[in-house]
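*Asks:* Take this structure, written in structure tokens, and hold onto it; I'll ask about it next.
The values are calculated or read from the model by the stated rules, or taken from the named source; none is laboratory data. What you see is a predicted model; the values in this text were computed from it and never measured. Cβ placement follows ideal geometry from the backbone for every residue including glycine, while neighbour counts extend to all protein chains displayed. Calculation scope for accessible area: heavy atoms of the full protein, side chains included, ligands and nucleic acids excluded. Shrake-Rupley method; radii C 1.70, N 1.55, O 1.52, S 1.80 Å.
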Amino acid sequence: METIQNLLRQVAGMQWSDYLDIFLVALLIYLLLPMIKTTGTIRVVRVVVVLLLITALTEALKLYTTHFLLSQVLQVGLLALIVLFQPELRRMLDHLGSMRFQKLFGIHRDEQVMIPVITQTVAACEAMSRERVGALIVFERESPMDEFMRTGTMLDAQVSEQLIRNIFFVKAPLHDGAMIVRDGRIAAAGCVLPLSSSDRLSADLGTRHRAGVGMSEVSDAVVVIVSEETGAISVAVGGMLKRHLAPQTLERLLRNELIVDEEKEKAKTLRLRLHKKEKGGDGDEE
């Protein structure tokens, strides 16, 4: 009871600067959380967390020598982490620097914008699959693609079946790289993507498929791949590759991944609230 009274007194004595401080910290956490979803950043977080836990454990167990050594490692470890994980840290800074206000305040892509984009993409992939033309199309979501866009040619073009097929035409200058779609428009083409080193991928997959999976491993992007050898259409999401997709399946998958269904989101939120309420009710009865 005394603790609650002390807490209430502290809240009553807070000034506007304290509320602003809390808001800024919450905003910073909100911005950083999406970045720790990427594979590279998870490595950084794991290393830091493991070191902190081991250091705290050695102090609790009074292992003075080990604790002293780990404390020294932590003092110089920050500089070592900056050097060791420089690409991941740079990607985090790029994410903050390129954060757009519509994402910051939860404004999603308009469904009326993305539907024709998906329709044109599916039509282009169906034609390229039939003609055995290789393609690699990246749909940006929350993770920014600026770092990879800089490796190609910057564009700002409307998505259309004809333009996609022209970009990936065998003799076109940009056909070997990836095309990146941002906010319903073609933002760049001829881009170089990171290759996946996963040993779970089939040995018959080439560079284009490994680049698509690699991109989905380091970001939340949705990557569409058309095989030049077989014409098969595949989609990589979250490091997983779905192969041999029919055009209808491709369209349905892209709609599910790229269009935010507000009704589904509201229903999901309501289910979670009801679930928590039921658990709370069970606890009260016990």
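*Asks:* Quick check: with the 1.4 Å probe, what order do 241, 258 take by accessible area, largest first?
*Replies:* The residues order as 241, 258, largest area first.
*Asks:* Whenever you get a sec, line up 64, 19 from highest to lowest accessible area (probe 1.4 Å, protein heavy atoms).
*Replies:* 64, 19
*Asks:* Here's a follow-up. Highest first, please rank the peptides 138-145, 245-252, 204-211, 177-184 by the mean number of other Cβ atoms sitting within 10 Å of their residues.
*Replies:* Order by mean packing, descending: 177-184, 138-145, 204-211, 245-252.
*Asks:* For the ranges 53-59, 147-153, what's the packing order if you count other beta-carbon atoms within 10 Å of each residue, average per peptide, and put the highest first?
*Replies:* For the peptides 53-59, 147-153, the packing ranking is 147-153, 53-59.
*Asks:* A further question follows. Given H placed on each backbone N at 1.01 Å, which residues far from residue 239 in sequence or on other chains put an amide H within less than 5 Å of it?
*Replies:* So residue 239 has HN proximity to 216, 217.
*Asks:* At a Förster distance of 30 Å, what's the computed FRET efficiency of residue 200 paired with residue 131, Cβ-Cβ distance as r, to 0.05?
*Replies:* 0.50
*Asks:* Using only the alpha carbon atoms of region 199-253, find the Kirkwood hydrodynamic radius as the inverse mean reciprocal pair distance, in angstroms to one decimal.
*Replies:* With all distinct Cα pairs of region 199-253 included, I get 11.2 Å.
*Asks:* Running Debye on region 126-202 with equal point scatterers at the Cα sites and no solvent, what base-10 log of I(q)/I(0) appears at q = 0.15, 0.22, 0.28 Å⁻¹?
*Replies:* Log-scaled intensity ratios, in q order: -0.53, -1.02, -1.34.
*Asks:* Same structure, new question: Taking R0 as 51 Å, what FRET efficiency do you get between residue 113 and residue 5 from their Cβ-Cβ distance, rounded to the nearest 0.05?
*Replies:* It comes to 0.45.
*Asks:* What is the Å³ per residue value for the convex hull set by the Cα atoms of region 133-252?
*Replies:* Hull volume over Cα atoms, normalised by residue count, gives 100 Å³.
*Asks:* Let me ask something else. Compute the distance in nm between two label points, each set 7 Å from the Cα along the Cα-to-Cβ direction, one at residue 54 and one at residue 243.
*Replies:* My value for the distance between the label points is 3.9 nm.
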